Amino acid sequence: MQIVDWRDATISNAWLADRIPAPHQSDAGVESDVRALIDEVKARGVDALYDQAKKFDGVTGHKVAVSEKTRQAALTSLAPELRGAIEEAIRRVRKASEASMRDDVITELDAGATVTLRWRPVDRAGVYVPGGKAVYPSSVVMNVVAAQVAGVASIALVSPPQSDSGGVHPTILATAELLGVDEVYAMGGAGAIAALAYGIPEVGLEPVSVITGPGNQYVATAKRLVRGEVGIDSEAGPSEIAIIADSSAPVSWMAADLISQAEHDELAQAILITTDADYAAAIVDAVASQAHNTPNRERVMHALSGTQSGVYVVSTMEQAIVLTNFLAPEHLEIVTVNANDVAARITHAGAIFLGPHTPVSAGDYLAGSNHVLPTGRQARFQSGLSPQTFLRSQQVVHYSDVALGTVGHKIIDFAEAEFLPAHADAIRMRMEDTGTGG
């Protein structure tokens, strides 16, 4: 893992922009391939999905729609210890999600003049659960619970068929069954995103309104291409962790946290920022030692040796904060003696984990926070997944005749200034007929 010493630099956003590459975006070739896959599904429906499953998943002869019997069998066979962990994750994520719900707000501007801001869920949501390098029942929990808390009445879950069984991984099925999801489909990749967006009548899959959930670059690109036809949460990329640490942070713990996120993907980004050069060197040594012994060592070492990862040494905590806000990391750990003060100055991060006993791994499963978070510096403008992802705000406006008359002349002035005389007439007619407005 590289050490980058910037103690003599004057760090600013402009300075960093010349030294930290922009997040990787899918190239034109990937976008062209994904567009073709989407068009195939739109044109040929379930037959295209079968062809894509054979090509990309090595699966043939499988059933796309997963039966209730299969889902229940998966739940029955779920290990009791894992079931207990999943149920506790559901409880904690649901509790935190419910607390995030917004109330309707009524604003009275004058007597008889109100604007009500209300929130309404989308009719139907589609959840994508990856099935590549690992199995992610936690993603089922995060996506489905947020949608359920928002009040979404209909949820469809898709996940790639497994090459060994031809079906969705049983742990994914069991988790869906625990949550009461009665629509699960064995499909993956860009084709699955197209199926959610446009529907596959042959298997009973109706189009959804919003698609959420992480995936590889093909899934992320497909989500971008169908955006507008449906809503999406974000274009999730490789996992990211940044840690702001001082000498109070246990070296072995911080090294373990860097490795934990590098374990996700060869392109994962793992960064630690400190003002202590000796501490930085100790982190690099600890990472090398621990990474050598971890079961996913090849994936981890590939991610940690990449240019996207490193230990950055800066001269002041102010510079550490500037660098962190520039990176806008998916996950940010702050393990310093004044962690709360540092956190107050962070403006760009998907989720923030404070103190030595709050590792990102807790947030991945049981902290109660949602682990579907913006990557690729999208935390500058994008929120993590929550019930709000599935909600739309609506303004309900009501004016009495007197209230309209109070501001009617001003509305007419606006309309005439913009040369929209019919707008003015719509107001003037009401004022004349009701005798309001003087």
Residue in region 164-181 that is acidic (Asp, Glu), closer than 15 Å to Val64 by Cα and out of contact with any Lys or Arg (no Cβ under 9 Å at 6 or more places or on another chain) present: no
Within region 58-158, strands (runs of 3 or more DSSP E) holding 3 or more residues that are within 18 Å of Ala195 (Cβ to Cβ): 124-128
Within region 159-176, tally of residues that are out of contact with any Leu (no Cβ under 6 Å at 6 or more places or on another chain) and assigned to a helix (DSSP H, G or I): 5
Residues that are in contact (Cβ under 8 Å) with a residue 60 or more places away in the chain and surrounded by fewer than 18 Cβ atoms within 10 Å (Cβ to Cβ), drawn from region 327-346: Val337
Conditions (1) part of a helix (DSSP H, G or I); (2) surrounded by 15 or more Cβ atoms within 10 Å (Cβ to Cβ); (3) within 26 Å of the chain's Cα centre (by Cα): number failed by Glu40: (3)
Qualifying position, being of a type in the set (Ser, Thr, Tyr), without any contact (Cβ under 8 Å) to a residue 40 or more places away in the chain and either closer than 24 Å to Ser97 by Cα or out of contact with any helix residue (DSSP H, G or I) (no Cβ under 6 Å at 6 or more places or on another chain) (or both), among Ser400, Ser393, Ser383: Ser383
Inter-residue pairs, beta-carbon under 6 Å, first modelled with pLDDT under 95 and in region 1-27, second assigned to a loop (DSSP other than H, G, I, E, B), 6+ apart: Pro23/Gly376; Pro23/Arg377
Residue within region 44-65 that is at negative phi, surrounded by 15 or more Cβ atoms within 10 Å (Cβ to Cβ) and among the charged types (D, E, K, R) present: yes
Enumerated strands (runs of 3 or more DSSP E) restricted to region 177-288, each holding at least 1 residues that are free of Cβ contacts under 8 Å to residues at least 60 places away in the same chain and among the aliphatic types (A, V, I, L, M): 269-274
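Does region 118-136 hold any residues that are at pLDDT 95 or above and crowded, with 22+ Cβ neighbours inside 10 Å, and which are they?
Ala125, Gly126, Val127, Tyr128, Val129 - these are the residues of region 118-136 that are at pLDDT 95 or above and crowded, with 22+ Cβ neighbours inside 10 Å.
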Sole exception among (1) outside the structural domain of Gly204 (by TED's automatic domain parsing); (2) assigned to a helix (DSSP H, G or I); (3) loosely packed, with under 14 Cβ neighbours inside 10 Å; (4) not small (Gly, Ala, Ser) for Trp15, by number: (3)
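The values are calculated or read from the model by the stated rules, or taken from the named source; none is laboratory data. What you are looking at is a predicted structure, and each value in this text was computed from that prediction instead of being measured. Ideal geometry is used to build each Cβ from the backbone, glycine not excepted, and the neighbour counts take in all protein chains shown.
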